[in-house]
Amino acid sequence: MGYKILSKKELCPNQYEITVEAPFVVKNAKAGQFIIFRAEEKGERVPLTIADINKETGALTLVFMAVGYSTKKLALLEPGDELVDIVGPLGQPTHIKKYGTVVCLAGGYGAAPCYLIAKAFKEAGNKVYMIMGARTKDLIFWQDKMKNVCSELFITTDDGTLGEKGFVTGVLERIINQETVDYAIAVGPMPMMKAVADMTRNRGIYTEASMNPIMVDGTGMCGACRLTVGGEVKFACVDGPDFNAHEIDFDEVINRTKIYKDQEKKRSENCNLLKMSK
């Protein structure tokens, strides 16, 4: 049975939102979890965080960047087309409860999973601040949706083309200086999440980071998403993806991710050379 695409739109350059008919996945899905899809029968298995769900219609919303073969293939599909399969929900849900004042920090693509997380925290009775950051205004999306699920929305861009010029940590520091923050969660690039953890550690603010390193099988068997948390080996796909940010060895994860990226770059270069030789 395929999974029909109900809608598709380009949110910003090379980044897309699709809604898929997946009632059995949506039935048990919660904020912070992810799925693994295949765009075609012999395609690779690609993990995507769940961006939104509609339990009444069974619609699953995913946001992705078209950067590799499978996501580029996905970007070519249109409403009415089908994905071969979807496995999920996978991973542990975000630890939602009434903390008091919650700050959600979304870096770039991290805005997609942060929407459902913020929504769940607000429904649990929290005061929710959302800080969205990106390099430039063209990479900011879902502002209107975010306003509906948080008490106040802040936007930062590196170049100052939208919102405040600077990083999400600048707004976070200002909020911390103005009032008591009970919980923070960061979703985005590793350096950004590390910076958030460094800032909140000395303030005694419990902070979690959504770790989405290289994932392959989504069951912990391959070990690709291995990381060290509190001196213990964890697997982001089964133990996470959310972990105590103050206990994560970010340097280890960043170095391991760099190795994968370097290998992928070499593989792409070799493929291009092979094509040129033909």
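Of note:
- Within the stretch 129-170, the set of residues being more than 13 Å from Cys104 (Cα to Cα) and small (Gly, Ala, Ser) comprises Ala134, Gly160, Gly163, Gly166, Gly170.
- Tallying residues that are modelled with pLDDT under 95 and surrounded by fewer than 24 Cβ atoms within 10 Å (Cβ to Cβ) within the stretch 98-114 yields 2.
- Taking the numbered list (1) surrounded by 15 or more Cβ atoms within 10 Å (Cβ to Cβ); (2) at pLDDT below 90; (3) within 26 Å of Phe167 (Cα to Cα) in turn, Cys225 passes all entries but (3).
Here's the yes/no breakdown for (1) modelled with pLDDT of 95 or more; (2) outside the structural domain of Tyr129 (by TED's automatic domain parsing); (3) within 19 Å of Thr136 (Cα to Cα):
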position	(1), (2), (3)
Ile185	yes, no, no
Gly188	no, no, yes
Met193	no, no, yes
Val196	yes, no, no
Thr200	yes, no, no
Ile205	yes, no, no
Ile214	no, no, no
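- You will find that of Lys137, Lys127, Lys122, Lys165, the residue that is under 19 Å from Ala51 (Cα atoms) and either of a type in the set (Ser, Thr, Tyr) or not assigned by TED's automatic domain parsing to the domain that holds Arg45 (or both) is Lys122 and no other.
The values are calculated or read from the model by the stated rules, or taken from the named source; none is laboratory data. If you're wondering where the values come from, they're calculated on a predicted model, not measured in any experiment. No Cβ is skipped: glycine too gets one built from the backbone with ideal geometry, and neighbour counts run over all protein chains shown.
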